[in-house]
Structures are given as C-alpha cells and as structure tokens.
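Just below is one structure, and these are the notes that go with it.
The values are calculated or read from the model by the stated rules, or taken from the named source; none is laboratory data. Being a predicted model, the structure only gives us computed values, none of them experimental. FYI the Cβ positions are ideal-geometry reconstructions off the backbone, even for glycines, and counts take in every protein chain you see. Just so you know, the surface numbers come from the protein's heavy atoms only, side chains and all, with ligands and any DNA or RNA stripped out. Shrake-Rupley method; radii C 1.70, N 1.55, O 1.52, S 1.80 Å.
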Amino acid sequence: MRVLVVEDDPLLGEAICIGMRQRGFAADWVRDGIAADMALKTETFAAVILDLGLPRLSGMQLLRQRREAHDGTPVLILTARDAIQERVQGLDAGADDYVVKPVDLDELAARLRALVRRSGGDAQPLLQVGALRIDPGARHVDWHDAPVELSPREFDLLLEFARSPNRFLSKEQLTERLYGWNDEVESNALEVHIHHLRRKLDPSLIVTQRGVGYMLRAEPL
C-alpha cells in the first residue's frame, strides 16, 4: 500500500516514512503543498498523511483544492494536541481522520488501514476472498484455514489483488501501488512475486492476460 507523507519537519517526516515502511507501507515524502499537489495530480496513492502547516501551499488549501478537483484519496491530517479548531476545519474541508502529534506510529498505521478499507467500501478488518483470508494489520495469510508464509513484497502484492478480486490490474498499476520513488525495481520483479504466490497458494489463483495484466480469481479453477 503506497502512501504520501506531506510534512515539512525533516525529523518527523523521516520518522513517519521509516515507521510506515517498517509496517508494510510504501511511503513517499514531500515537504510542501505545491509538491504534494503535483504528486497527487500525477500519481496514485492509497492515502495521504497531511500536516496542515506547510510552506508554499498550506495543508488546508491543498485539501480543499484536491476535494474541489474530485480527488477522493483518503486524507489523514496531523494536528497539535490542543488544536481542536484546526481538526474541525480539516474534517470540514474533506479530511477523513486525524492523528494528534506526537504521532504514535502503530496508531497511525492502523488508522491508515481503516481509512483505505472504508474508502473501498469495506469496514471489516479481515479480507476474505474465497478460501483466502488476509489480516492486513497482523500481515497474516490463511489459505484453506492453513497459514501461508509470504515475503513482505509477496504479502503486499497479494493484498492489492485481494482488494480488487476478479478484476485485471496492469503491471503499471501494481508497480505504482507497491513501490515508492526510492525503491529499486527489477524489470521482472512483479512476475517473480506472482510466480511465488502461485506456487505457495494455487497455480490457477492468479490469471495472466497478455497485454492486460493480472487478476486474482475469487475461486481458483
């Protein structure tokens, strides 16, 4: 799951990115509102972590602009503990949730997962696709009620598939969702991960259609 961190404080921004990556997110970081606006116009993120006190374009202005442009990307704002009015204004401007500074990274990760679930129309913490059950918080997978050991990247890829079962996703879509700007991506990395998932789960579970992409079946053949 790829998230955009918009924070001008270098120590906090770096700490959030490191913490989110340790918790299974691909995190990209920008330090001002103009850069964030450009990133959101040109790339796809599962969610945004937004500080409101930004240079060049404030977080509140950015939020209003993106909502006026019908950008529905879930936004979680960072606020000071005593900034109640700021939280109210942020929520009224279109934010989906907030976290109070200093940030607890486990809470931040849990709130991000909840935001993404709700934005996809599913409030349940577990994903169930046929015999496949995924716990995003615990990063645990069961296949026919038996646990399956996956690498971090295999888990992330399977989670993206499970959020859109029976729907083809292109290689470009999957790569954009899984990797951040600073990640080095081998040209055949996605194909290798898909091969491993088929071997560990079921060879017919993930379908390839040349020129279109890959799809997770709700039920394998």
Search result, residues across segment 112-137 that are over 16 Å from the mean Cα position of the chain (by Cα) and open to solvent by less than 60 Å² (accessible area, probe 1.4 Å)
129, 130, 131, 132
When residue 38 is run through (1) assigned to a strand (DSSP E or B); (2) over 21 Å from residue 114 (Cα atoms), the failure sits at (1)
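Please specify each residue of segment 95-111 satisfying the condition of being open to solvent by less than 20 Å² (accessible area, probe 1.4 Å) and either more than 16 Å from residue 19 (Cα to Cα) or polar (S, T, N, Q) (or both).
Here is the first cut: in segment 95-111, the ones open to solvent by less than 20 Å² (accessible area, probe 1.4 Å) are 95, 99, 108-109.
Hit for segment 95-111 is 95, nothing else.
Kindly evaluate residue 50 against the criterion of being surrounded by 15 or more Cβ atoms within 10 Å (Cβ to Cβ), of a type outside the set (Ser, Thr, Tyr), assigned to a loop (DSSP other than H, G, I, E, B) and touching a residue at least 40 places away in the same chain (Cβ under 8 Å).
Values: surrounded by 15 or more Cβ atoms within 10 Å (Cβ to Cβ): yes; of a type outside the set (Ser, Thr, Tyr): yes; assigned to a loop (DSSP other than H, G, I, E, B): no; touching a residue at least 40 places away in the same chain (Cβ under 8 Å): yes.
No.
Mind listing whichever residues of segment 59-79 are small (Gly, Ala, Ser) and farther than 13 Å from residue 7 by Cβ?
The answer is 69, 72.
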